[in-house]
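Engineer: Sending over a structure as structure tokens; questions will come in a sec.
Where a number appears in this text, it was derived from the coordinates with a stated rule and is not lab data. Because the structure is a prediction, the values reported are computed rather than measured. Ideal geometry is used to build each Cβ from the backbone, glycine not excepted, and the neighbour counts take in all protein chains shown.
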Amino acid sequence: MCTSLADAGYDVTLLCARAVSQVRNNVNIVGFQGHTQRLKRCLITSILKAYKAARRSNADIYHLHDLELVWAGLFLRAKGKVVIMDVHENYAASMLSKPYLRLAVVRKALSWAIRHIERALFRYFSAVVAARPDIAALYPALGPVTIRNFPILPNVTSVKDAKIEKTKPAVIYVGGVSAIRGIAELTRAMERLEGVELWILGPFESDSFRARCERLAGWRKVRYFGCVEASQVFSYIRMADIGVVTFLPYPNHITTLATKPFEYMACGLPMVMSDFPYWREFFGGSALYCNPADPQDIAQCIDKLLKDKEMSRAMGNRNLRLVRDEYDWDKEKTRLLDLYAKLSMHRVAGCNSR
């Protein structure tokens with residue numbers, strides 16, 4: 001979004017806690033003081049520090065991408081600023097699967113509270129953006145704009161391979177490495193496969209979860225590359241043979257549109273995905289679908305794609321066509337720019353009326 005707005009002529013600043021201040025893609029990235037401890041992050045970083053950084057930037061339009069920023073956004077609205085709330089996920093549903101909330105009654109209470117906070121407060125924002133249609137459906141009275149989170153995809157034919165040695169077929173997972181994303185089950189699936197390895201790129205949710213995965217027998221077939229710059233991710237994906245997205249069936253996963261499938265597709269990879277009805281309907285023949293909680297089922301899908309070269313080739317070619325013709329960020333970008341043009345006109349009209 002930042003890159004697209006900058007390309008369209010907007011002066012764009014990305015405010016990010018604990019980031020290194022720099023300029024990338026004509027976007028001014030400005031870091032500000034933040035905290036990693038959860039309570040301090042929610043109460044100090046996301047409210048006080050974020051609001052102060054936002055006020056210093058003195059922007060005309062503010063675009064918020066996290067529910068924790070709702071209070072800072074309301075303060076900005078009170079100052080007469082144009083503020084967009086961008087909803088990436090079903091936050092109320094996501095509370096039901098937070099591992100740090102051990103009591104079910106607490107998870108349900110927080111889920112209920114978040115749903116009512118959203119309904120009460122989002123109406124004060126200048127606009128609400130939803131990252132997928134099912135999220136937009138949560139706020140029908142607010143008239144949200146759906147801007148799907150498709151990535152800006154490069155011409156992968158011009159991307160150079162990563163500087164690594166590949167000696168056997170590779171299954172690749174890119175993204176946050178966490179328990180609810182099925183990484184332990186995926187690692188267990190590797191125990192049942194011979195002559196293949198799993199490449200993992202991304203940050204582990206915790207040192208304890210990493211240690212848990214490393215104790216699994218399947219870990220000996222894993223190559224963990226750590227955190228890789230976004231610009232370098234395609235160098236690894238295009239070298240792999242199969243892309244995997246085997247999220248576990250938590251409430252916020254079953255209707256999500258993760259960006260990684262589209263990146264795999266842009267590199268012509270066949271995929272193995274969780275057998276969620278929403279994913280099966282949306283992606284159709286772009287993947288084989290498995291029970292993400294069953295390592296044996298995951299392994300069987302991977303093995304089938306590795307052995308059936310014709311199926312894999314046809315699926316990869318289909319995915320390339322879909323990314324080129326349908327899953328295109330340029331179409332979403334048009335909605336983004338239309339929204340900004342509308343809000344800019346309203347801001348100018350409001351200034352003139354004063």
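Engineer: Within straight cross-link reach of Lys81, meaning Cα distance under 24 Å, which lysines are found once same-chain residues fewer than 8 apart are removed?
Structural biologist: Lys49, Lys52, Lys333, Lys342
Engineer: Suppose each label sits 7 Å from its Cα in the direction of the beta carbon; what would the Asp7-Glu165 distance come out to in nanometres?
Structural biologist: 3.9
Engineer: For the chain, calculate the relative contact order in percent as a whole number, restricting contacts to Cα pairs under 8 Å that are 6 or more residues apart. Walk me through the numbers before you get to the answer.
Structural biologist: Details: 566 pairs, mean separation 44.9, N = 354.
Reported relative contact order: 13 percent.
Engineer: Angle between the Cα long axis of helix 295-307 and the longest principal axis of the chain, 0 to 90 degrees, nearest 10?
Structural biologist: Around 70 degrees separate the two axes.
Engineer: Same structure, new question: Tell me, how many Å apart are the Cα centres for the stretch 76-105 and for the stretch 154-205?
Structural biologist: Between the Cα centres of the stretch 76-105 and the stretch 154-205 lies a distance of 30 Å.
Engineer: Rank-order 191-200, 237-246, 99-108 by packing density, defined as the average count of other C-beta atoms within 10 Å over each peptide's residues, highest first.
Structural biologist: Values: 191-200: 17.1, 237-246: 23.3, 99-108: 10.8.
The densest-packed peptide leads the list: 237-246, 191-200, 99-108.
Engineer: Additional query: Please list 48-56, 213-221 highest first by mean number of surrounding beta-carbon atoms within 10 Å per residue. Don't jump to the answer; show the numbers that get you there.
Structural biologist: Numbers: 48-56: 17.7, 213-221: 15.4.
The packing order, highest mean first, is 48-56, 213-221.
Engineer: Can you compute the modelled spin-label distance between Leu39 and Lys309, with each label point 7 Å from Cα toward Cβ, in nm?
Structural biologist: 6.0
Engineer: Figure the gain on full extension for Ala141 and Ile117 (residue separation times 0.36 nm, minus the Cα-Cα span) and round it to one decimal in nm. Before the final figure, lay out each step's value.
Structural biologist: Values: separation 24, 0.36 × 24 = 8.64 nm, distance 1.48 nm.
Taking 0.36 nm per residue and subtracting the Cα distance, the gain is 7.2 nm.
Engineer: What lysines does Lys304 reach when the alpha-carbon gap must be under 22 Å and sequence neighbours fewer than 8 apart in one chain are set aside?
Structural biologist: Lys166, Lys168, Lys221, Lys260
Engineer: What does the extension gain come out to for Glu191 and Val23, with contour length at 0.36 nm per residue minus their alpha carbon separation? List each step's numbers first, then the result.
Structural biologist: Numbers: separation 168, 0.36 × 168 = 60.48 nm, distance 4.42 nm.
Stretched fully, the Glu191-Val23 segment lengthens by 56.1 nm.
Engineer: Helix 329-353 sits at what angle to the longest principal axis of the chain, using alpha carbons and giving 0 to 90 degrees rounded to 10?
Structural biologist: Roughly 10 degrees, rounded to the nearest 10.
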